[in-house]
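The values are calculated or read from the model by the stated rules, or taken from the named source; none is laboratory data. Quick caveat: nothing in here was measured; it's all calculated off a predicted structure. Cβ sites come from the backbone with ideal geometry, for glycine too, and all protein chains shown count toward neighbours. Heads up: the accessible areas ignore ligands, DNA and RNA and are worked out on the full protein's heavy atoms, side chains in. Shrake-Rupley method; radii C 1.70, N 1.55, O 1.52, S 1.80 Å.
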Amino acid sequence: METGVISSDEFVGGFDLYRTLESGQSYLWTRSDGAMYTDQPAPNAWYETVVDGVPIRVRQPDSTNADLEWRAGEDAVPTIRRLLRLDDDLEAIAADAPDDALIQEAYAAHDGMRLVEDPAFGTLISFICSAQMRVGRIHTMVSTLAGEYGEPYTLEGDTIYAFPTPKALAAATEADLRNLSLGYRAPYVERTARMVAEGEAHPDEARALEYEAAREHLTQFVGVGDKVADCVLLFALGFDEAVPLDTWIKSAIAEYYPDCDRGNYADTSRAIRERLGGQYAGYAQTYLFHHLRTGAVDSSA
DNA sequence: ACCCAGGATGTAA
DNA sequence: TTACATCATGGG
């Protein structure tokens, strides 16, 4: 086992682990106190995951913008930096955020929140599960899948389950998945897992494409429409311009940016993407989503 | 009881 | 192309 500390001196623009991992972007980490998505931070708890066969845990005991402690099966610093996007110049990204009262308010309220860059397959399945679900339950569903079909790893005597491989997940039947309370998403997950396991397609292929072509490409997976595709592009494949149009963002468009509503996903997406700054529109979207979802909007403004 | 949640799919026009 | 019913589940 290896241990270490990534110094806060390296976080340009700050870093908040709690906000980054409990803002509805990633469902592939669990918290050692089992209380994720209870709106209750626990700075001493570990966030745990397994990536490429390496169990990893991180924590930020002194809270926002403090040093990040890590422990892992091997030197995991490059992996952690990539997963949590610690090399992003968040100071520059925030400075370039659109000159818009609501967006500025969101950036100011959630200092240090970064985008994540999660493994593509787990993200794909997570957001297939996300349809008409609250973030807390999405996390529960993904954790259940990991516990049932994922490989167990041991770190400091504790068991951490990896997200299932495509092959392992493809072994589940629709009935199996329904029994895990996936509801009508069960056949989507089963069929998409089989597509990937059989080599018919892989979400990573979208990396090579231009943004809108990449989004279209991902919709070949069963249970993946434009919105879920945008989430995979933003949270796993590095498309920082992707703006997932979920219920929260749609209501924000209706209330704050009504001129961006063009009646269909593709055109509305272009309009709101432009409004949110283009290149890093997905970053602004993630701040806006978290700001709205946590009920932190200043209604007096 | 009713409504909603990081929606997608199949069918009909 | 767009409109609409249907699809599970749990929490407020």
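Which members of the stretch A:158-177 meet the condition of being farther than 16 Å from A:SER126 by Cβ, open to solvent by less than 40 Å² (accessible area, probe 1.4 Å) and in contact (Cβ under 8 Å) with a residue 60 or more places away in the chain? Listed by number, the list holds a single entry, A:ILE160.
If the condition is being over 14 Å from A:PHE163 (Cα atoms), without any contact (Cβ under 8 Å) to a residue 12 or more places away in the chain and within 16 Å of DNA strand C (Cβ to nearest atom), then the stretch A:103-146 contributes A:GLN132, A:MET133, A:ARG134, A:ARG137. For A:THR268, the conditions (1) polar (S, T, N, Q); (2) within 14 Å of DNA strand C (Cβ to nearest atom); (3) exposed (fewer than 14 other Cβ atoms within 10 Å of the Cβ) all hold with the exception of (3). For the stretch A:212-260, a residue qualifies if it is closer than 22 Å to A:ARG114 by Cβ and more than 18 Å from the chain's Cα centre (by Cα), and exactly one does: A:ALA252.
Residues in the stretch A:109-121 include at least one that is open to solvent by less than 30 Å² (accessible area, probe 1.4 Å), in a loop (DSSP other than H, G, I, E, B) and β-branched (Val, Ile, Thr). One residue alone among A:ASP240, A:ASP226, A:ASP230 is under 18 Å from A:ILE125 (Cα atoms), open to solvent by 10 Å² or more (accessible area, probe 1.4 Å) and in contact (Cβ under 8 Å) with a residue 24 or more places away in the chain, and that residue is A:ASP226. Do the conditions hold for A:ILE249, that is, is it within 10 Å of DNA strand B (Cβ to nearest atom) and more than 30 Å from A:GLU174 (Cβ to Cβ)? When the stated conditions are applied, A:ILE249 passes them.
I'm checking my understanding of the structure. Among residues of the stretch A:223-246 that are in contact with a Pro (Cβ under 7 Å, 6 or more places away or on another chain) and part of a helix (DSSP H, G or I), which one is nearest to DNA strand B (Cβ to nearest atom)? If we take residues in the stretch A:223-246 being in contact with a Pro (Cβ under 7 Å, 6 or more places away or on another chain) and part of a helix (DSSP H, G or I), then A:LYS227 is nearest to DNA strand B (Cβ to nearest atom). Here A:THR79 meets the list (1) closer than 23 Å to A:TYR149 by Cβ; (2) hydroxyl-bearing (Ser, Thr, Tyr); (3) open to solvent by less than 10 Å² (accessible area, probe 1.4 Å) almost entirely, failing just condition (3). Residue pairs whose Cβ atoms lie under 6 Å apart, sitting 6 or more positions apart in sequence or on different chains, and linking a residue in the stretch A:180-205 that is outside any helix (DSSP H, G or I) to a partner that is within 14 Å of DNA strand C (Cβ to nearest atom), are A:LEU180/A:THR144.
Any residue at all in the stretch A:152-165 that's away from DNA strand C (no atom under 16 Å from the Cβ), small (Gly, Ala, Ser) and assigned by TED's automatic domain parsing to the domain that holds A:VAL228?
Yes: the stretch A:152-165 contains one or more residues that are away from DNA strand C (no atom under 16 Å from the Cβ), small (Gly, Ala, Ser) and assigned by TED's automatic domain parsing to the domain that holds A:VAL228.
When the stretch A:273-301 is limited to residues that are within 11 Å of DNA strand B (Cβ to nearest atom) and of a type in the set (Val, Ile, Thr), the one that is least open to solvent (accessible area, probe 1.4 Å) turns out to be A:THR286.
Considering the stretch A:122-156 alone, what residues qualify as being in a helix (DSSP H, G or I), away from DNA strand B (no atom under 16 Å from the Cβ) and open to solvent by less than 50 Å² (accessible area, probe 1.4 Å)? Within the stretch A:122-156, A:THR144, A:LEU145, A:ALA146, A:GLY147 qualify. When the test is whether a residue is away from DNA strand B (no atom under 16 Å from the Cβ), under 25 Å from A:GLY277 (Cα atoms) and under 15 Å from the mean Cα position of the chain (by Cα), A:ARG82 passes it.
Report yes if A:HIS217 is within 25 Å of A:THR268 (Cβ to Cβ), open to solvent by 10 Å² or more (accessible area, probe 1.4 Å) and either more than 16 Å from DNA strand C (Cβ to nearest atom) or without any contact (Cβ under 8 Å) to a residue 60 or more places away in the chain (or both), otherwise no.
When the stated conditions are applied, A:HIS217 passes them.
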